[in-house]
Structure formats: structure tokens, C-alpha cells
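The values are calculated or read from the model by the stated rules, or taken from the named source; none is laboratory data. Only a predicted model underlies this, so the values are computations on that prediction, with no experimental measurement involved. Cβ placement follows ideal geometry from the backbone for every residue including glycine, while neighbour counts extend to all protein chains displayed.
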Amino acid sequence: MVKNSEVAYRDLSFCYSYIMIRAIFFDFYSVWVPDIFSEYLALAEQHGPQVVADLADVVDKYFHGLVSTEYVADTFRFKLSRPDIDTSLFTLKEQDISPAVFDFLRNLHGHFVKLGVLANLGVQEYEILTNFNAHSQLLEVIAGPLPFKLKDPLLSQEVFVKALQAIGEPPRSCLIITGNPDYQAFANSLGISTLPFEGLPKLQQTLEQLLTSEAAG
């Protein structure tokens with residue numbers, strides 16, 4: 001009897017059989033760390049569409065480097081009437097990223113695949129990734145509206161084109177890992193294949209099988 005996971009992998013292998021993956025881009029929130037911004041934006045839905053819109057605008061400004069984590073926390077605390085929300089909730093340190101993620105990237109690098117981050121990043125996230133890459137040299141590209149100093153949103157052709165140019169590969173040779181369905185849909189519309197992030201162990205297994213089968217082929 002064939003297991004469901006085996007069927008899923010067989011289908012996945014068929015889907016990618018016509019391309020050679022040369023580069024993998026990772027989303028940041030929802031992959032490297034939990035997406036605290038989406039979590040609290042979801043809570044905002046209980047307060048009505050205007051509150052959601054106001055907070056989404058603040059988050060967008062944060063990811064363009066226009067406001068600080070202190071401002072984000074103050075606004076969420078006021079709009080959601082949550083006195084427990086403070087700056088520490090949105091503060092990130094390199095040690096908050098699981099060492100398993102770094103080990104995973106090092107393993108992928110051994111397959112001679114270019115690695116990059118293409119994501120919404122605030123100033124602190126960009127600094128963490130830049131410092132990490134200064135001593136690991138694992139990422140070819142750290143991309144997004146803030147790193148590129150663009151006013152465009154992450155899910156825009158302008159940002160994606162610059163990311164592809166920076167990593168030096170066409171859309172058909174790239175793969176994006178994200179837990180965001182809107183991100184997946186946008187990348188697919190540009191001809192970029194995606195994998196939904198459903199936990200690091202599953203991603204490790206899937207990519208290992210995929211890259212190994214490519215090498216054998």
C-alpha cells in the first residue's frame with residue numbers, strides 16, 4: 001500500500017521535473033520565525049475593518065523602515081485595547097531563530113543551490129540577517145522593499161524583478177518557500193514555483209528528496 005506522503009512526493013517530483021532548481025528564496029516570518037504581525041492583525045478583525053486597515057498600514061510602514069517597533073507596539077496596544085502589548089512582543093534577536101534553520105541552510109548550500117531571503121523585513125530583521133550572513137556567507141541575496149529601498153509592496157513585480165536580478169536566475173529556475181497563501185499565488189503568477197511551509201521537518205524531507213532526484217537525473 002502506498003502511503004499518502006509517498007503519493008504527495010511523487011506528485012511534487014512530477015511538477016518540478018521540467019525545471020532545475022538553481023535558487024531558493026525563503027519568506028522570513030512564517031518560515032524562520034512565527035509571524036507575530038499576522039497573528040495580531042487576525043485579532044484585529046474582532047474590532048472591525050477600519051482597525052484592521054489602520055494596523056495593516058502601520059505594519060506596512062514598519063516593513064518600509066518608516067516606523068519603529070515601539071511605534072508598532074504603541075499603536076497595536078491602543079487600537080486593540082490590550083495593555084499587555086509592549087515593544088518586546090515585536091523585538092527580535094538572532095537567538096530567536098532556531099539553530100535548526102541555520103543547519104538546514106548549510107545543508108541546502110551543499111547542494112550548490114543559491115539561497116536568498118525575499119520577504120517583508122523591518123530594520124531589525126534586516127540587521128539580523130545581514131549580521132548572520134556576514135559570518136555564515138550562506139545567503140546570496142537578502143531582498144525585500146526595505147533592503148531595496150523601494151516604496152512598492154513585497155508582492156509587486158518591481159521587488160520580485162530586482163530579487164531575481166540580484167540572485168541571477170530566471171523565474172523558472174527559482175523556488176519560493178512561504179507559509180503565506182497570497183505570497184504563493186503572486187509568485188506563481190510570475191512563473192515562480194512555490195512550496196508551502198508546513199514545518200521545518202517536512203520541508204527538509206521534501207527538498208532533500210527533490211534536490212537528490214534532480215542530481216540523480
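One residue alone among 107, 120 is of a type in the set (S, T, N, Q), part of a helix (DSSP H, G or I) and touching a residue at least 40 places away in the same chain (Cβ under 8 Å), and that residue is 107. When each of 110, 116, 122, 144 is tested for being surrounded by 12 or more Cβ atoms within 10 Å (Cβ to Cβ), over 30 Å from residue 74 (Cβ atoms) and not aliphatic (A, V, I, L, M), the lone residue that passes is 116. Of the listed requirements (1) outside the structural domain of residue 83 (by TED's automatic domain parsing); (2) assigned to a helix (DSSP H, G or I); (3) at pLDDT 95 or above, residue 25 misses just one: (2). Of the listed requirements (1) assigned by TED's automatic domain parsing to the domain that holds residue 26; (2) buried (at least 20 other Cβ atoms within 10 Å of the Cβ), residue 72 misses just one: (1). Of all the criteria given as (1) in contact (Cβ under 8 Å) with a residue 24 or more places away in the chain; (2) over 13 Å from the mean Cα position of the chain (by Cα); (3) more than 21 Å from residue 139 (Cβ to Cβ), the one not satisfied by residue 211 is (3).
I'd like to verify a number: residues in segment 185-199 that are in contact (Cβ under 8 Å) with a residue 24 or more places away in the chain and among the polar types (S, T, N, Q), how many? So the count comes out to 1.
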